[in-house]
1. Is it the case, given these coordinates, that LEU67 is under 21 Å from TYR170 (Cα atoms), in contact with a helix residue (DSSP H, G or I) (Cβ under 8 Å, 6 or more places away or on another chain), in contact (Cβ under 8 Å) with a residue 40 or more places away in the chain and surrounded by 16 or more Cβ atoms within 10 Å (Cβ to Cβ)?
2. For the range 124-133, what are the residues that are open to solvent by 50 Å² or more (accessible area, probe 1.4 Å) and in a loop (DSSP other than H, G, I, E, B)?
3. Considering ILE117, ILE94, which residue is more than 29 Å from VAL14 (Cα to Cα), touching a strand residue (DSSP E or B) at 6+ places or on another chain (Cβ under 9 Å) and surrounded by 14 or more Cβ atoms within 10 Å (Cβ to Cβ)?
4. Quick check, is ILE139 among the β-branched types (Val, Ile, Thr), surrounded by 13 or more Cβ atoms within 10 Å (Cβ to Cβ) and assigned to a loop (DSSP other than H, G, I, E, B)?
5. Going by the conditions given, is VAL82 open to solvent by less than 90 Å² (accessible area, probe 1.4 Å), among the β-branched types (Val, Ile, Thr) and assigned to a helix (DSSP H, G or I)?
6. With the requirement that a residue be at pLDDT below 85, polar (S, T, N, Q) and surrounded by 13 or more Cβ atoms within 10 Å (Cβ to Cβ), what does the range 142-170 give you?
7. Among residues belonging to the range 15-44 that are acidic (Asp, Glu) and either touching a Leu at 6+ places or on another chain (Cβ under 9 Å) or modelled with pLDDT of 85 or more (or both), point out the one that is nearest to VAL153 (Cα to Cα).
Amino acid sequence: IQVDMPKLHDKAIVRLDIDEVSKFLDVVEYGPQNMSQRKQKFHEHNKVRDLAIMTLLLGTGMRVTELVGINLRDLDFANGRVKVTRKGGYEAYIYFGDEVADALSKYVDERENIKDIKVGHEDALFLSTRKSRITVRSIELMVKDYSSYITTVKKITPHKLRSTYGTALY
């Protein structure tokens, strides 16, 4: 049996280290120290959703497009997994741990109380403030915003959270 050598990249992989991951999740959960009043109100309103999103990205390494495509019926807490549509259009299950399950169930409980969801978006797991399915762009901006409080050196994107997961796994 021949084992392939891992690919060697010229460019260093940008990712969060363990301390940065915990600081990042703290910022998502509790909000940064120096936040404007308006932003504080917005954070308070969305923190359960945002924490569920970030925990899911960091805890599974899924792509943002996979995350935005998740419907409520795709969640399977009994088996600790979620059904996603992969690149190429095929469906697969991604398994998650207790921390992810916890964040997701808190969000799902809160999600059940949202009224007047836009037509066609009722089944979407993650909703925007406009009560429609959250977009890839809004998650990209969310990651950029939260990560700006913990590091100015690294440009953190949702894909960097995927790299963080992959590196931790490796």
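1. No; evaluated as a whole, the condition is false for this residue.
2. THR129, ARG130, LYS131
3. Among ILE117, ILE94, only ILE117 is more than 29 Å from VAL14 (Cα to Cα), touching a strand residue (DSSP E or B) at 6+ places or on another chain (Cβ under 9 Å) and surrounded by 14 or more Cβ atoms within 10 Å (Cβ to Cβ).
4. Details: among the β-branched types (Val, Ile, Thr): yes; surrounded by 13 or more Cβ atoms within 10 Å (Cβ to Cβ): yes; assigned to a loop (DSSP other than H, G, I, E, B): no.
No: the conditions fail for ILE139.
5. The answer is no for VAL82.
6. Result: THR151, THR157, SER163, THR164, THR167.
7. The residue in question is ASP26.
To keep it simple, each residue is scored yes or no on (1) among the hydrophobic types (A, V, I, L, M, F, W, C); (2) under 18 Å from THR129 (Cα atoms); (3) free of Cβ contacts under 8 Å to residues at least 40 places away in the same chain.
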| residue | (1), (2), (3) |
| --- | --- |
| ALA78 | yes, no, yes |
| VAL82 | yes, no, yes |
| LYS87 | no, no, yes |
| TYR90 | no, no, yes |
| TYR95 | no, no, yes |
| VAL100 | yes, no, no |
| TYR107 | no, yes, no |
| ILE117 | yes, yes, yes |
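The values are calculated or read from the model by the stated rules, or taken from the named source; none is laboratory data. This structure is a prediction, so every number in the text was calculated from the model and none was measured. For neighbour counting, all protein chains shown are included, and Cβ atoms are generated from backbone atoms with ideal geometry for every residue, glycine included. For accessibility, only protein heavy atoms count, side chains too; no ligands or nucleic acids. Shrake-Rupley method; radii C 1.70, N 1.55, O 1.52, S 1.80 Å.
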